[in-house]
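Participant: Handing you a structure now.
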Amino acid sequence: MNQQVAPGHVKEVAARIGLAARSLGGCDLARLIEGLLERLGSPLTTDKLNTVTVADLIRVFAESRDAPTKEEIKQAVRYLGGEGSEVTDLPAVQPYSEGELPHSVRLAVASNTSENLDGHFGSCKRFLVYQVTQTEARLIEIRDPAACQEAEDPNAARAQMLADCQLLYVQSIGGPAAAKVIRAGIHPVKFPNGGAALGAIEQLQKTLLAPPPWLARAIGVKSSLASRFVLSEE
């Protein structure tokens with residue numbers, strides 16, 4: 001199996017598939033791996049496993065004499081997405097009440113590990129939601145998009161779950177998905193190199209000192225810029 005898994009992903013991929021197989025009643029492991037390779041292509045990676053849906057696994061076992069139940073398949077999808085396969089080191093969420101931080105912007109960060117900006121919009125494990133002012137960044141919520149994978153349009157569902165945010169930071173996002181995010185009233189910003197979420201937030205706080213017009217409107221202040229400024233990473 002190692003030759004079918006990307007280097008650096010072997011342990012994590014094996015752990016996820018092992019947990020998924022056990023949740024499927026000890027299914028034919030070879031058939032599960034074969035089905036994943038047919039669906040995702042080789043090599044297998046954690047990002048690819050994050051995209052597996054209930055419908056995918058139903059198709060994999062459609063011709064099995066002892067096909068798993070839908071509940072077993074749902075649990076397997078959660079395991080393939082990373083649930084239970086590693087010890088998570090999630091940052092602590094801080095208390096927040098609406099209106100508590102005047103002139104703040106709400107930012108969602110696509111994340112897979114700890115407090116890092118390292119997720120693809122359509123497959124990240126979670127969104128870290130921050131309320132950000134010029135001087136403070138408060139993590140107010142961690143949102144799990146797992147249920148969105150079962151929606152008719154997973155990317156539209158992800159956009160809607162973030163509809164109260166003005167900004168979205170991602171490591172990557174496709175054009176059609178970005179259009180759905182924009183239609184939801186959210187401004188997506190790509191950071192191809194990823195990094196610590198707080199590092200990107202520090203850049204945002206500098207921007208808030210002289211916000212572009214659209215961002216100034218979002219936080220309820222007057223912009224000092226005469227022309228529109230497109231927010232991007234340095």
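The values are calculated or read from the model by the stated rules, or taken from the named source; none is laboratory data. The structure presented is a predicted model; accordingly, all values stated were derived computationally and were not measured. Cβ coordinates were reconstructed from backbone atoms using ideal geometry, including for glycine residues, and neighbour counts include every protein chain displayed.
Participant: Has region 25-32 got any residue that is modelled with pLDDT of 80 or more, outside any helix (DSSP H, G or I) and crowded, with 16+ Cβ neighbours inside 10 Å? Show your work before the answer.
Facilitator: Just the residues of region 25-32 that are modelled with pLDDT of 80 or more, to begin with: 29-32.
Narrowing the set further to residues that are outside any helix (DSSP H, G or I) leaves none.
No: zero hits.
Participant: Can we say Cys165 is at negative phi and touching a Pro at 6+ places or on another chain (Cβ under 7 Å)?
Facilitator: Values: at negative phi: yes; touching a Pro at 6+ places or on another chain (Cβ under 7 Å): no.
Taking the combined requirement at face value, the residue does not satisfy it.
Participant: For residues in region 130-169 being buried (at least 21 other Cβ atoms within 10 Å of the Cβ) and free of Cβ contacts under 8 Å to residues at least 40 places away in the same chain, which is nearest to Gly82 (Cα to Cα)?
Facilitator: Applying the filter and picking the extreme gives Pro145.
Participant: What number goes with the only condition from (1) at pLDDT 95 or above; (2) outside any helix (DSSP H, G or I) that Phe229 does not pass?
Facilitator: So the condition that Phe229 fails would be (1).
Rundown of residues vs (1) within 21 Å of Lys48 (Cβ to Cβ); (2) in contact with a His (Cβ under 7 Å, 6 or more places away or on another chain); (3) hydroxyl-bearing (Ser, Thr, Tyr), yes/no style:
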| position | (1), (2), (3) |
| --- | --- |
| Glu136 | no, no, no |
| Ile140 | no, no, no |
| Cys148 | yes, no, no |
| Asp153 | yes, no, no |
| Met161 | no, no, no |
| Gln171 | yes, yes, no |
| Ala179 | no, no, no |
| Ala184 | no, no, no |
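Participant: Can I ask one more? May I ask you to say which residue of Ala67, Ala62, Ala110 is of a type in the set (A, V, I, L, M, F, W, C), outside any helix (DSSP H, G or I) and in the same structural domain as Leu204 (by TED's automatic domain parsing)?
Facilitator: Details: Ala67 fails: in the same structural domain as Leu204 (by TED's automatic domain parsing); Ala62 fails: in the same structural domain as Leu204 (by TED's automatic domain parsing).
Residue meeting the stated conditions: Ala110.
Participant: Now for a separate question. Which residue is farthest from Glu115 (Cα to Cα), if the candidates are limited to region 178-197 and must be at pLDDT below 95 and not in a loop (DSSP other than H, G, I, E, B)?
Facilitator: Gly195
Participant: If you don't mind, another one. Taking Val77 as the residue in question, decide whether it is in a loop (DSSP other than H, G, I, E, B) and either closer than 27 Å to Ser111 by Cβ or at pLDDT 90 or above (or both).
Facilitator: No.
Participant: Checking the structure you have, find out if any residue of region 86-107 is more than 19 Å from Glu141 (Cα to Cα), crowded, with 19+ Cβ neighbours inside 10 Å and not assigned by TED's automatic domain parsing to the domain that holds Ala163.
Facilitator: no
Participant: If Glu202 meets every condition in (1) of a type in the set (D, E, K, R); (2) closer than 12 Å to Gln134 by Cβ; (3) modelled with pLDDT under 95 apart from one, which number is that one?
Facilitator: With respect to (1) of a type in the set (D, E, K, R); (2) closer than 12 Å to Gln134 by Cβ; (3) modelled with pLDDT under 95, Glu202 is out only on (3).
Participant: Examine region 104-113 for a residue that is touching a helix residue (DSSP H, G or I) at 6+ places or on another chain (Cβ under 9 Å) and more than 24 Å from Pro154 (Cβ to Cβ), and state whether such a residue exists.
Facilitator: Checked against the condition, which is being touching a helix residue (DSSP H, G or I) at 6+ places or on another chain (Cβ under 9 Å) and more than 24 Å from Pro154 (Cβ to Cβ), region 104-113 yields at least one hit.
Participant: Does any residue in region 95-113 that is modelled with pLDDT under 90 come within less than 8 Å, Cβ to Cβ, of a residue that is basic (Lys, Arg) and not in a loop (DSSP other than H, G, I, E, B) six or more places away or on a different chain, and which pairs are these?
Facilitator: Listed pairs, sorted by first residue: Asn112/Arg126.
Participant: For region 64-74, enumerate the residues that are at pLDDT below 85 and surrounded by 14 or more Cβ atoms within 10 Å (Cβ to Cβ).
Facilitator: If the condition is that a residue be at pLDDT below 85 and surrounded by 14 or more Cβ atoms within 10 Å (Cβ to Cβ), then Ala67, Pro68 are the ones that fit.
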